[in-house]
1. List the residue pairs whose Cβ atoms are under 6 Å apart, where the first residue sits in the range 410-422 and is of a type in the set (A, V, I, L, M, F, W, C), the second is modelled with pLDDT of 90 or more and in a loop (DSSP other than H, G, I, E, B), and the two are 6 or more positions apart or on different chains.
2. Being in contact with a strand residue (DSSP E or B) (Cβ under 8 Å, 6 or more places away or on another chain), acidic (Asp, Glu) and surrounded by 15 or more Cβ atoms within 10 Å (Cβ to Cβ) narrows it down to one of Glu340, Glu331, so name that one.
3. Please work out which one of (1) touching a residue at least 40 places away in the same chain (Cβ under 8 Å); (2) closer than 18 Å to Ala293 by Cβ is the condition Ala209 fails and give its number.
4. Could you list, ordered by first residue, the pairs with Cβ atoms under 6 Å in which the first is in the range 75-88 and more than 15 Å from Val154 (Cβ to Cβ) and modelled with pLDDT of 75 or more and the second is of a type outside the set (Asp, Glu) and not in a loop (DSSP other than H, G, I, E, B), at least 6 apart or interchain?
5. Please verify whether Leu450 is farther than 30 Å from Ala258 by Cβ and outside any loop (DSSP other than H, G, I, E, B), treating the condition exactly as stated.
6. Residue under question is Arg308, and the condition is that it be at pLDDT 95 or above, surrounded by fewer than 22 Cβ atoms within 10 Å (Cβ to Cβ), under 19 Å from the mean Cα position of the chain (by Cα) and not in a helix (DSSP H, G or I); does it hold?
7. Do you know which of the residues in the range 388-409 that are in contact with a strand residue (DSSP E or B) (Cβ under 6 Å, 6 or more places away or on another chain) and part of a helix (DSSP H, G or I) is modelled with the lowest pLDDT?
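The values are calculated or read from the model by the stated rules, or taken from the named source; none is laboratory data. As the structure is a prediction and not an experimental result, all values here were calculated from the model. Using ideal geometry, Cβ is built from the backbone for each residue, glycine included, and neighbour counts are taken over all protein chains shown.
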Amino acid sequence: MYQVGKRAGLAISQGRRACASLAPAAQTLAAVHRLRRDLGDAPACVLLALPGGVENGLVWLSALTGGHTLLPFAPQATAHEAARLSSLFAPDVVVVERLEDASRLGIGGARVMARETWHGLLAAEAPAAGRAPGSIGGRICLLTSGSTGDPKGVLLEERQLAWTAEQIRSSHRLTPMDRGLAVLPFFHINAPVVSLLASLLAGSTVIIAPHFRRRHFWEWVERHRVTWASVVPTIVAMLLETEAPACLPGTLRFLRTASAPLPALQQRRFEQKFGVPIIETYGLTEAASQVCANPLPPERHLPGSVGRPVGFSLRICRPRTPAWRGPCPLENVPTGGFGEICIAGPGLIPAYVGEAEGAAFEGGWFRTGDLGYQDAEGYVYLTGRLRDVIIRGGENVAPREIEEVLLAHPAVSEAAVVGRPDPFYGEQVIAYVVTRTPWTAKLADELRTLCAECLIPYKVPSDFVAIAALPRTHTGKLDRQRLHHEQAGGDYPRTARVSVA
């Protein structure tokens, strides 16, 4: 299914500073041929635990077209996490940076393929003109981020990945003239499907960086004449701290963002500073990535909205309550009403690995656990996660609303709000903030005043905690579980705490 178009290519990532010369389609095909020979003809389970780089994309393509099961995995993860993934599918092959990395992950009995032995992979002899590897549909197994609970196994077939990649190609109007920049890791669903597969379906080029580097981002855009890039809100916040290039490359059409809600204020600031549209999207591992996307200019892309459904059916239903047991019938809320986002479509998995009938899957629909609403024009707005809702004195509090208020203060670069158990109110609202300036009692008073001016009293945080950085998962999502652990007496580092109630 995956054919590298005549104009398509991959960029070799060389060294730490830059992603350099392009490998044309013939060399890319040759590298896929070689890797498929190395993996063998028999279906195998391949654990991929490489740091960033073009080899990740080649392994993805080789596994998917060779009928293998691919287990993408964060190379910095622990042996305990590797054991959790290996319990779903025992690896036959482990692809790592160095031979000793396989031992560190505690995986025995598998054949080890080390990147250090692949020097010159993309310099392999090209196949005869017009030839491409035959495709035997493979599949991938990813673990959900675990940001709100235990990670679950998601098994996606090649057809689902290709279907969602085609929706991305269509919604972003990708053509053979495009040159995408991939800076996100390949152990998450975004980079392989959004950057790699969508680009190859368009017959265009994708430049794969070793990893995101704030100092070199604009340099890469200029050097490789990048037309679009896939990022996450954390990267948007980091780029806002950089100076605008003296002459921003005119090739750059847009940035697209996913993985977590993008604060509307940051989107406006970015577009005003750099003059580049940010297209916010909404995706899920369970749906092979993109579910909703804002349209490209000249159509309206709305700050605060993740856009309209693309290829998927979407409805807003009354959420399940924590006390609910057994099946919960789907019941739509009125247009504009708040509820749980439910989706259906060809890219959606029918259940998690090992679950015959998961409570989240009902009649072909998936309860995402995300809360929000949809307006009359079809634009979807996220307000938080079902598990993240804070219930204070019987009132529901959405963390994102408070986080948006805190981010409006010029001294606040990041904010996260969680609940803390309280014997009287049930939960108290606690705000964690990362600040650009030193933490002082005066700044705490300013944040308290700002919240009091913008929020109903029960939504005003009872406690402000200044920390050096917000905890995040391997995929870059906010790890609220670690903040809850801190509330329970954990050891996540804080710099200061100020009680305001």
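1. Note: pairs meeting the criteria are Ala411/Arg436; Ala411/Thr437; Ala416/Leu470.
2. Within the list Glu340, Glu331, the selection yields Glu340.
3. Unmet condition: (2).
4. Pro75/Ala49
5. No; evaluated as a whole, the condition is false for this residue.
6. For Arg308, the condition - at pLDDT 95 or above, surrounded by fewer than 22 Cβ atoms within 10 Å (Cβ to Cβ), under 19 Å from the mean Cα position of the chain (by Cα) and not in a helix (DSSP H, G or I) - is met.
7. Start the filter on the range 388-409 by keeping residues that are in contact with a strand residue (DSSP E or B) (Cβ under 6 Å, 6 or more places away or on another chain), which leaves 389-392, 397-400, 402-403, 406-407.
Okay, now just the ones that are also part of a helix (DSSP H, G or I), so 399-400, 402-403, 406-407.
Numbers: Pro399: 88, Arg400: 85, Ile402: 92, Glu403: 92, Leu406: 95, Leu407: 93.
By that ranking, first place goes to Arg400.
Here is a yes/no grid of residues against (1) part of a strand (DSSP E or B); (2) surrounded by fewer than 18 Cβ atoms within 10 Å (Cβ to Cβ); (3) at negative phi:
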| residue | (1), (2), (3) |
| --- | --- |
| Ala359 | no, yes, yes |
| Phe366 | yes, no, yes |
| Gly378 | no, yes, no |
| Gly384 | yes, no, no |
